[in-house]
Amino acid sequence: MGESAGLPTRLNWSSVATLLLVLMFCAVSAASATERTGLTLLPNEDNWPIIMIRINGHSTSALIDTGATIAVVDDSLLGAELSQHAPGETKVLGLGGQRTFPLTRVESIAVGAQSWSGIPAAVNTKDEFPIEQCVLPASLFQSQIIDFDFPNGRVDFYEGYPKFARGKTRSAITYTLNGGLIYVPVRINGVRGKALVDTGASVSFVNPSFAERARGVRRIESEQEMHGADLSRNRIETYNLRDLRMGKFSVPRLGLPVLESELFQQMGFENEPMMVIGVDFLENFRVQIDQDRKRIVFLH
């Protein structure tokens, strides 16, 4: 084999050291990219995915909400932020419609090994804007996978692909993002619609348009009170519906609340078949959100 022109025949020690440093850097980067953070979900009566976090060095609980687009932080955890930043406002959309909150930027939020600074947040004041929990939008987490293991009471954040679970039925559904919120296709009695995946809703429900088109039958004797993370409470009617299908999973018969809410109007679904999938449904699954590939995996 001939000698290659212009190439050194040996590496000097400085080249070797440089190469080793590069390889070490790549190894450390790869380890950081694949680091897995696992957190225990705190027990609560709504089975919301609530975890312990730190805000400005203070430990507190917070809801990881796939139905939120901005963090909500209790004013007792804020200090200089409220006076240092010019006052502003933001609108937060919930079951009770849009509500206006004071707006600030939080100095520091830490969840496990992840941390953020200068995050915009709505300010929850107990007198005017009561909310049970601090709220972190799920989209705040930049890991490829957010893995809500509701049956085992934990949530994991990691890179790569959703983990398989032996013996479980797996259904992967491509989702769409609208305003930072996750929507999946569903069918009720053959009628196609969209469903918002909302870990901040205690109960799943449909809008009147979906109930009517799917030929739901009203249960006059049955009413239900629904509340969301914004503490709004609504008395609602319940309809008997047939054949709910989402990916590989189906429910032959079910009763779903029908709610007329500003929520549907603000999301642009006032007259289109639309439902919200809350934790009463999600808690039966391991729900893996693949943010990189825009897919959500249900394991049951």
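The values are calculated or read from the model by the stated rules, or taken from the named source; none is laboratory data. Since we're looking at a predicted model, the values are computed, not measured. A quick note on method: Cβ atoms are made from the backbone with ideal geometry, for glycine too, and the neighbour counts reach across all protein chains shown. The protein model used for the area step is the full one, side chains on, heavy atoms only, and it has no ligands, DNA or RNA in it. Shrake-Rupley method; radii C 1.70, N 1.55, O 1.52, S 1.80 Å.
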Rounded to two decimals, what is Rg over Rh for the stretch 144-207 when you use alpha-carbon atoms and the Kirkwood radius? 0.98
Order M267, M275, most accessible first, counting only protein heavy atoms with a 1.4 angstrom probe. M267, M275
Can you list the lysines whose alpha carbon sits under 29 Å from that of K294, skipping same-chain ones fewer than 8 residues off? K91, K163, K168, K194, K248
Under 15 Å from the Cβ of V197, count the other residues' Cβ atoms, weight Lys and Arg +1, Asp and Glu -1, and hand me the total. -2
Just to verify a number: FRET efficiency for R170 and E260, C-beta to C-beta distance, R0 = 30 Å, to 0.05? 0.25
At 0.36 nm per residue, minus the direct Cα-Cα distance, what do R54 and A110 gain on full extension? Give it in nm, one decimal, please. 19.7 nm
